[in-house]
Amino acid sequence: WGVAGVGMISNDFSLALKYNGSEIVACAARDAARAAKFADDFGMERSYDSYEALAQDPQIDVVYVGTIHTQHHRIASMLLEAGKHVLCEKPLGMNEREVAELTALAQQQGVFFMEGMWTRCFPVARKCQALLQSGELGSPKAVHADFGFVAPDDPSHRLWDVKSGGGGLLDIGCYVVGWATFAFGRAVPEVKAVGALSSSGADIRGALALGYPEGYASVGYTLEAPTPEVTTILCSKGYIIVDGPAHAPIRARVVAEKSRGEAETTVLEEALPVYPTGAGFCSGRTPIFPHSEGFVYEVQEVEKCLAEGLLESPVFTHQDSLAIVRITDRARLQLGVSYDADGH
């Protein structure tokens, strides 16, 4: 493995790599000193001060891209062109055009490529997906989902900087949209979005109503308040409640209706991996984001796909990435959020 970017998310992903026993050989960042420190902490053989050098490292098979949103397209393209397999953090691109270009390039190069929508790799999410596909709860009719936290009160923070891909929709809104596609599939729904923008033009919050032929999704996100982050999937014969934090789920309740007023509840639960503590494990580094130990599941999914010679993960395919960005593009247009990559 190689790691592009040495910020907070790369910290958490690299902890998962080390816990899993995966081989990490190098990292890269624009700041040579930060890259060197990161490599030393994680026991990597070398570090680079350019992503181009990482792409040319012959010992690297697969690269995790954990840079800011606006760099994903450029760095992932460079890596794919160098013949590397790539796991790119979400969002894969700033818009549908970028996502389509990247997935087409990966297919052309014949290399594995996946967006880091890690939610789908959690055992609880997989069990919920299998349950929906089995038809035991009937067909999905509605999805309710929320995600929110209080963003830093710092105008220079990337979340408020449109030039850095700031705003809530691409950062956390993609997760609640992802629950809609999880239940209803990849068809593009009717999209209605309302929200508010910061003085810099980044979206502070948004509520999306998604209309499908067979049902609807009502999803929301905010950078102004913590939310329960519970997702509910309503079906014709019962429902699933994914307890918070639903983007990194470790518990869900399945309620199967037997007759009106009578139901049977089953709990799906899977504890997170437990990392060693102390200086002996990654120089004492610890996870920064909630439930980041769940990155282990994503690492294992990628390595399983590579071992089987797959070019995309059946858990989250290229078409799944495109399904989400088609919805977020339509929502952004209504919210009035525009990025340089949009070309207008």
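Taking the stretch 15-26 only, how many residues are open to solvent by less than 40 Å² (accessible area, probe 1.4 Å) and either free of Cβ contacts under 8 Å to residues at least 12 places away in the same chain or outside any helix (DSSP H, G or I) (or both)? So that I can check it myself, show each step before the final result.
Within the stretch 15-26, the first condition is being open to solvent by less than 40 Å² (accessible area, probe 1.4 Å), and the residues that meet it are 15-17, 22, 24-26.
Still in the list and also either free of Cβ contacts under 8 Å to residues at least 12 places away in the same chain or outside any helix (DSSP H, G or I) (or both): 22, 24-26.
Looking only at that region, the number is 4.
Is it the case, given these coordinates, that G93 is under 23 Å from G168 (Cα atoms), touching a strand residue (DSSP E or B) at 6+ places or on another chain (Cβ under 6 Å) and modelled with pLDDT of 95 or more? Walk me through how you get there before you give the answer.
On the way: under 23 Å from G168 (Cα atoms): yes; touching a strand residue (DSSP E or B) at 6+ places or on another chain (Cβ under 6 Å): no; modelled with pLDDT of 95 or more: yes.
No, not satisfied.
Regarding the stretch 290-302, can at least one residue be identified that is over 21 Å from S22 (Cβ atoms) and surrounded by 12 or more Cβ atoms within 10 Å (Cβ to Cβ)?
yes
Quick check on P273: is it at pLDDT 95 or above and over 30 Å from K37 (Cα atoms)?
Judged against the criteria, P273 is not a match.
Could you tell me whether E312 is assigned to a loop (DSSP other than H, G, I, E, B), farther than 21 Å from A196 by Cα, at pLDDT 95 or above and acidic (D, E)?
yes
Of the residues that sit in the stretch 27-61 and are more than 15 Å from M78 (Cβ to Cβ) and small (G, A, S), which one is most open to solvent (accessible area, probe 1.4 Å)?
Result: A33.
Residue under question is A252, and the condition is that it be under 14 Å from A145 (Cβ atoms), among the hydrophobic types (A, V, I, L, M, F, W, C) and in contact with a His (Cβ under 7 Å, 6 or more places away or on another chain); does it hold?
no
Within the stretch 104-156, which residues are within 21 Å of V299 (Cβ to Cβ) and not hydrophobic (A, V, I, L, M, F, W, C)?
E115, G116, T119, R120, P123, R126, K127, Q129
Can you name the number of the only condition in (1) more than 18 Å from I240 (Cα to Cα); (2) open to solvent by less than 50 Å² (accessible area, probe 1.4 Å); (3) part of a loop (DSSP other than H, G, I, E, B) that G211 fails?
All conditions are met except number (3).
Is it the case, given these coordinates, that W179 is open to solvent by 20 Å² or more (accessible area, probe 1.4 Å), over 30 Å from A82 (Cα atoms) and of a type in the set (F, W, Y)?
no
Looking at L79, is it among the aliphatic types (A, V, I, L, M), in contact with a Gly (Cβ under 9 Å, 6 or more places away or on another chain) and farther than 30 Å from P226 by Cβ?
When the stated conditions are applied, L79 passes them.
State all residues of the stretch 182-195 that are open to solvent by 20 Å² or more (accessible area, probe 1.4 Å) and more than 19 Å from the chain's Cα centre (by Cα); if no residue qualifies, say none.
Selection gives A187, V188, E190, K192, V194, G195.
Report the residue count in the stretch 330-344 for those that are surrounded by fewer than 20 Cβ atoms within 10 Å (Cβ to Cβ) and either of a type outside the set (A, V, I, L, M) or not in a helix (DSSP H, G or I) (or both).
Summing the residues that are surrounded by fewer than 20 Cβ atoms within 10 Å (Cβ to Cβ) and either of a type outside the set (A, V, I, L, M) or not in a helix (DSSP H, G or I) (or both) in the stretch 330-344 gives 8.
Only one residue in A100, A130 is in contact (Cβ under 8 Å) with a residue 12 or more places away in the chain and hydrophobic (A, V, I, L, M, F, W, C). Which one? Show your work before the answer.
Values: A130 fails: in contact (Cβ under 8 Å) with a residue 12 or more places away in the chain.
One residue alone meets the criteria, A100.
Among (1) out of contact with any strand residue (DSSP E or B) (no Cβ under 6 Å at 6 or more places or on another chain); (2) surrounded by fewer than 24 Cβ atoms within 10 Å (Cβ to Cβ); (3) modelled with pLDDT of 95 or more; (4) at negative phi, there is one condition Y216 misses while meeting the rest; what is its number?
(1)
Taking G83, is it without any contact (Cβ under 8 Å) to a residue 24 or more places away in the chain and more than 15 Å from H73 (Cβ to Cβ)?
Details: without any contact (Cβ under 8 Å) to a residue 24 or more places away in the chain: no; more than 15 Å from H73 (Cβ to Cβ): yes.
Judged against the criteria, G83 is not a match.
Hey, I324 hits all of (1) over 17 Å from the mean Cα position of the chain (by Cα); (2) modelled with pLDDT of 95 or more but one; which does it fall short on?
Going through the list (1) over 17 Å from the mean Cα position of the chain (by Cα); (2) modelled with pLDDT of 95 or more, I324 breaks only (1).
Do any residues in the stretch 322-344 that are closer than 19 Å to M117 by Cβ have Cβ atoms under 8 Å from those of residues that are open to solvent by 40 Å² or more (accessible area, probe 1.4 Å) and of a type in the set (D, E, K, R), where the two are at least six apart or on different chains, and which pairs are they?
Going by the 8 Å Cβ cut-off, the qualifying pairs are L322/E96; L322/R186; A323/R186; V325/E96; R326/E96; D329/E96.
The values are calculated or read from the model by the stated rules, or taken from the named source; none is laboratory data. Everything quoted here is computed from the prediction, not taken from an experiment. Please note: Cβ atoms are built from the backbone with ideal geometry, for glycine as well, and neighbour counts cover all protein chains shown. What goes into the accessible areas is simple: the full protein's heavy atoms, side chains included, and nothing from ligands, DNA or RNA. Shrake-Rupley method; radii C 1.70, N 1.55, O 1.52, S 1.80 Å.
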